[in-house]
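The values are calculated or read from the model by the stated rules, or taken from the named source; none is laboratory data. All values reported here derive from a predicted model rather than from experimental measurement. As a convention, Cβ positions derive from the backbone with ideal geometry for all residues, glycine included, and neighbour counts pool all protein chains shown. Please note that ligands, DNA and RNA were not included when accessible areas were found on the heavy atoms of the full protein model with its side chains. Shrake-Rupley method; radii C 1.70, N 1.55, O 1.52, S 1.80 Å.
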Amino acid sequence: MTRFVDLTPKKRLRTGRSVWSDTRHPQLATRKLSQSLKCDIVIVGAGISGAFMADALSRHYERVVIVDRREPAMGSTHGSTAMLQFEIDTPLTELTQRLGRARAVQAWQCSYHATRQLIAMVRAEKISCDLREREALYLCGSDLGWRGMEKEAIARNRAGLNCEFLAGRELRARYGINRTGAILSPGSAVADPVALTRGLLRKARSRGARLFVPAEVRDVMATRYGVILNTGSHFIEAKAAVFCTGYETLKNVPSQGMKITSSWAAATAPRADYPDWLNRTVIWEASTPYLYMRTDSHGRLIVGGEDAALDSPSYRRQTLGLKARRLAGKTQNLLGGARPDWTHVWAGAFGESADGLPIIDAVPNMPNCFTVMGFGGNGTIYSMIAAGFMPALLKGRPSKIARIFAFGL
C-alpha cells in the first residue's frame, strides 16, 4: 500500500462575478459525509468533468460516489463561458506536424464526434441547460494568416470535417468583419455550464450515485486491490478513483507541457441590437491570446480572452477593470458600433497543454487511480471524451484512440 498526502492544492479559482451568478438554477440536493463507506468507483470533483464522469460511470456501476471540497459546479465550471466547440486550440495542420497526420486527424475527429454526442445526449436526456447549436467562425489572426487558414480548411475537409474558407471580401460581405479570412464550420454549441453540470449529476443520482459535499480528500492509500480516500474524519473505500479536479491538479503527476494560466471574461445585459448572425455563431481567432465571443438565448453578449501566462489570484483580481476595458475595445473593433457595457466581469484559472490535447489516463505510480486533465479551450468536450473512454480504462482495455490522450511516458 502506498500513501499519497495532500494530493491537490486548494486554490482560489475565480474572482469577480460571472454571468451564471445571477442565473436561476434548480437546486441540487447534496449530502454531508457522515460515516465511512464502500463503493465501486469514487469520483473526486463535482464540476463539469466530474459530472460527465458520474453520468457515464453510473450507467456501468451500481455504487458510484462523487465528492468535492466545494458545492457542485462552484469551481472553474462557474466561470466557464461554455462554448462547446469540437475545434481544438491547436490547428489540424500544426497538430499534424507534431503527432503525424493519422493521430492528429483521429484527435480532431474524436472531438467532433464527442461534440455531436454531447448535443444528442442533452436532448435525449432532456437536460435543461439552455443548449443552442451554433456555427463557429475562426478568424485569421497573428498566429494564422489567410494562407495558413486556407491550408487549414483544406486539411479539415480532407479529414471529413466539413468547413468553408471565407476570403476577406466574402467575410466582410457576410459578417461585416474586417479580417483577411476565416473558416466557417458547423457543429458547435453553447450552453449554461452550471445547469449542464447539475443536470448530469441529477441524472447520475437517479441511477443510484451518491454526492457528498463538502468533502475534502486529504490523502489516498492506493494499492493494486483498490483505493482508500481519507477525508480526515471518514474513509471511502473503492475499487478505483477518478480525479476530475480541474486546475487543482494532482501533485507529482507528469505535467506533459501543461500549465495553469489566467483568463478573463465579461458579459452584457440582454440586448436585441446585435447582428442577427451573431445569435447563430460563435467567434474565435487565431491569435495568442485569442478573443472569443458568443451570445446566449437572453441576448447577452459573452466575451473572453486576454489570457496571461501566470496563475495568480491577486493579479486576476487587480486587473479585472483593465482587462474588461481591453475586452470592450477588442469587441468594438471586431463588431463595430458602440463599446459594450459590461454587467459582469470575472476571471479565473485556465489550463493549457503543449499540443492542445487533454490527458485521460491512469495516474503513474498510483494503482487504480485515474485522472482527467481537460486543459484547453474546449475542456467541456474533453470531459465528454473522458467519460466515453473511462469505462474501458477502468477495465484495463484502452482503445487505440484513447492512447492519443494518454501520458505517453
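Quick one: plug the Kirkwood hydrodynamic radius of the range 219-370 (C-alpha pairs) into Stokes-Einstein at 25 °C, 0.890 mPa s, and report D in µm²/s. Walk me through the numbers on the way to the answer.
Values: Rh = 18.4 Å.
Rounded, D is 133 µm²/s.
Given a 1.4 Å probe, how much area per residue of the chain is accessible, in Å²? Display every interim value, and only then the final one.
Working: 17220 Å² over 409 residues.
Solvent-accessible surface per residue comes out at 42 Å².
At q = 0.23, 0.25 Å⁻¹, work out log10 I(q)/I(0) for the range 162-204 with the Debye formula, treating every Cα as an identical point scatterer and leaving solvent out; two decimals please.
-0.75, -0.82
How much of the pair distance distribution for the range 307-398 lies past 22 Å, counting alpha-carbon pairs only, in percent?
Details: 2168 of 4186 pairs.
Here the long-distance tail beyond 22 Å is 52 percent of all Cα pairs in the range 307-398.
Applying the Karplus parametrisation 6.51 cos²θ - 1.76 cosθ + 1.60 with θ = phi - 60° to the phi angles of the range 254-264, what ³J(HN,Hα) value in whole Hz is obtained for each residue in order, glycine and proline being reported as x?
In residue order, the calculated couplings are x, 6, 6, x, 7, 8, 9, 10, 10, 9, 10 Hz.
Roughly speaking, what is the stretch gain from Arg101 to Ala173, that is 0.36 nm per residue apart minus the C-alpha to C-alpha distance, in nm to one decimal?
Values: separation 72, 0.36 × 72 = 25.92 nm, distance 3.42 nm.
Here the answer is 22.5 nm.
Springs between alpha-carbon atoms under 10 Å, Gaussian network over the chain: tell me which of Phe375, Phe165, Phe350 tops the mean-square fluctuations.
Its mean-square fluctuation being the largest, the pick is Phe165.
Which FRET efficiency value, to the nearest 0.05, is calculated for Lys32 and Asn157 with the Förster distance at 60 angstrom and r the Cβ-Cβ distance?
0.70
Please give the charge dipole size of the chain, origin at the Cα centre, charges +1 on K and R Cβ atoms and -1 on D and E Cβ atoms. Round to the nearest 20 debye.
Values: 56 positive and 35 negative charges, 131 e Å.
The dipole magnitude comes to about 620 debye.
Could you derive backbone 3J(HN,Hα) for the range 286-297 from the dihedral phi with the Karplus parameters 6.51, -1.76 and 1.60 (θ = phi - 60°), listing whole Hz in sequence and x where the residue is Gly or Pro?
8, 9, 10, x, 9, 8, 9, 7, 6, 9, 10, 5
Counting Lys +1, Arg +1, Asp -1, Glu -1, what net charge surrounds Arg174 among other residues with beta carbon under 14 Å of its beta carbon? Working shown, then result.
Values: positive: Arg169, Arg172, Arg179, Arg280; negative: Glu135, Glu164, Glu170, Asp276.
Residues near Arg174 contribute 0 overall.
In terms of modelled amide H atoms, which long-range or inter-chain residues lie less than 5 Å from the amide H of Leu84?
So Leu84 has HN proximity to Ala189, Val190, Ala191.
So how strong a dipole does the range 160-225 carry about its Cα centre when Lys and Arg Cβ are +1 and Asp and Glu Cβ are -1, to the nearest 20 debye?
Values: 12 positive and 5 negative charges, 56 e Å.
With Lys and Arg at +1 and Asp and Glu at -1, about 280 debye.
Would you mind telling me the share, in percent, of accessible area of the range 42-102 contributed by carbon and sulfur at probe 1.4 angstrom?
Values: 890 of 1930 Å².
Summing carbon and sulfur atoms, their accessible area is 46 percent of the total for the range 42-102.
Within the range 343-380, which residues have the backbone N less than 11 Å from the label spot 7 Å out from Asn252 along Cα→beta-carbon, could you tell me?
Only 364-367 pass the distance filter.
Can you list residues from other chains, or at least 5 along the same chain, whose modelled amide H is less than 5 Å from the amide H of Leu211?
Arg31, Ile66
Using a Cα-Cα cut-off of under 12 Å, which aspartates and glutamates could be cross-linked to Lys251, ignoring same-chain neighbours fewer than 8 residues away?
Here the aspartates and glutamates satisfying the reach criterion relative to Lys251 are Asp6, Asp219.
What are the trypsin sites (Lys or Arg not before Pro) within the range 85-151 that DSSP puts in a loop, where the Cβ has at most 12 other Cβ atoms within 10 Å? Before the final figure, lay out each step's value.
Details: sites: Arg98, Arg101, Arg103, Arg116, Arg123, Lys126, Arg132, Arg134, Arg147, Lys151; in loops: Lys126.
Those satisfying the criteria are Lys126.
Please work out the ratio of the alpha-carbon Rg of the chain to 2.2 N^0.38 Å and round it to two decimals.
Details: Rg = 20.8 Å, N = 409, 2.2 N^0.38 = 21.6 Å.
Cα Rg divided by the expected 2.2 N^0.38 Å: 0.96.
Quick one: putting +1 on the C-beta of Lys and Arg, -1 on the C-beta of Asp and Glu, what dipole do you get for the range 206-335 around its Cα centre, in Debye to the nearest 20?
Details: 17 positive and 11 negative charges, 13 e Å.
The dipole magnitude comes to about 60 debye.
For a Förster distance of 30 Å, can you work out the FRET efficiency between the beta-carbons of Asp143 and Lys10, rounded to the nearest 0.05?
Details: r = 34 Å, r/R0 = 1.15.
With R0 = 30 Å, the Cβ-Cβ based efficiency is 0.30.
Can you give the Rg/Rh ratio of the range 1-146, where Rg is from the C-alpha atoms and Rh is the Kirkwood radius? Show your work: numbers first, answer last.
On the way: Rg = 19.1 Å, Rh = 18.9 Å.
Rg/Rh for the range 1-146 comes to 1.01.
Which one, Ala222, Ser76, Gly168, projects farthest toward the positive side of the charge dipole computed for the chain from Cβ point charges (K/R +1, D/E -1)?
In the chain, that residue is Ala222.
For the peptides 355-365, 253-263, what is the packing order when you average, over each peptide's residues, the other Cβ atoms within 10 Å and list the highest mean first?
Details: 355-365: 21.4, 253-263: 17.5.
So the order, starting with the most tightly packed, is 355-365, 253-263.
Apply the Karplus parameterisation 6.51 cos²θ - 1.76 cosθ + 1.60, with θ equal to phi minus 60°, to every residue of the range 72-85 and state each ³J(HN,Hα) to the nearest whole Hz, in sequence, with x for glycine and proline.
So the J values, rounded to whole Hz, are x, 6, 9, x, 5, 4, 5, x, 5, 8, 6, 8, 8, 10.
Going down the list Lys10/Lys259; Lys126/Lys239; Lys11/Lys38; Lys38/Lys239, which pairs span over 20 Å between their C-alpha atoms? Kindly include the intermediate steps, with their values, before the conclusion.
Values: Lys10/Lys259 16 Å; Lys126/Lys239 31 Å; Lys11/Lys38 29 Å; Lys38/Lys239 9 Å.
From Lys10/Lys259; Lys126/Lys239; Lys11/Lys38; Lys38/Lys239, over 20 Å: Lys126/Lys239; Lys11/Lys38.
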